[in-house]
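Peer 1: Pasting in a structure now, in structure tokens, and then I'll have a few things to ask.
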Amino acid sequence: QVQLVESGGGYVQAGGSQRLSCSASGRTPSTSVVGWFRQAPGKEREFVARISWTGVIVRYADSVKGRFTISRDNVQNTVYLQMNSLKSEDTAVYYCAVSPTGGSDAEAYKFWGRGTQVTVAS
């Protein structure tokens, strides 16, 4: 079992920055991919970014490419999502999740955190 806890959410002005953290505990598979997803009110959960175990392979949704950066610290068992140039449309609950295989489909991710709210004021 893997436990994930997101932190770092909050209120920020448009154009600002915020860094989210995802701390993992438990039996994290050694080849796990960690992804960030988000869900805005009235919308479906959508893929934001993912990172391979080694940190070499990263992928981003087109909507955040060039603004968000995902990274991981395997010693600390933590994955980060640095968000810059935030827009009002980035407002959502952000979730981190772990998958043995990766991809952008939420169905591939077996363990999920409870999420952290990010609110961007325009």
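Peer 1: Taking region 75-103 as the region of interest, how many residues are assigned to a loop (DSSP other than H, G, I, E, B) and of a type in the set (S, T, Y)?
Peer 2: Qualifying residue count for the region: 3.
Peer 1: If you take the residues in region 43-62 that are hydrophobic (A, V, I, L, M, F, W, C) and assigned to a loop (DSSP other than H, G, I, E, B), which one is surrounded by the fewest Cβ atoms within 10 Å (Cβ to Cβ)?
Peer 2: Applying the filter and picking the extreme gives V56.
Peer 1: To continue, here is another question. Collect the residues in region 105-122 that are surrounded by 17 or more Cβ atoms within 10 Å (Cβ to Cβ) and part of a loop (DSSP other than H, G, I, E, B), keeping them in residue-number order.
Peer 2: Hits for region 105-122 are Y109, G113, G115.
Peer 1: Suppose we filter R59, R67, R38 for residues that are farther than 19 Å from A24 by Cα and touching a helix residue (DSSP H, G or I) at 6+ places or on another chain (Cβ under 9 Å); which single one remains?
Peer 2: Exactly one of R59, R67, R38 is farther than 19 Å from A24 by Cα and touching a helix residue (DSSP H, G or I) at 6+ places or on another chain (Cβ under 9 Å), namely R67.
Peer 1: How many residues does region 73-104 hold that are open to solvent by 40 Å² or more (accessible area, probe 1.4 Å) and among the aromatic types (F, W, Y)?
Peer 2: 1
The values are calculated or read from the model by the stated rules, or taken from the named source; none is laboratory data. Source: prediction; values computed, not measured. Note that we place each Cβ from the backbone using ideal geometry, even for glycine, and neighbour counts take in every protein chain shown. Ligands, DNA and RNA are stripped out before the accessible areas are found, and what is left, the full protein with its side chains, is counted by its heavy atoms. Shrake-Rupley method; radii C 1.70, N 1.55, O 1.52, S 1.80 Å.
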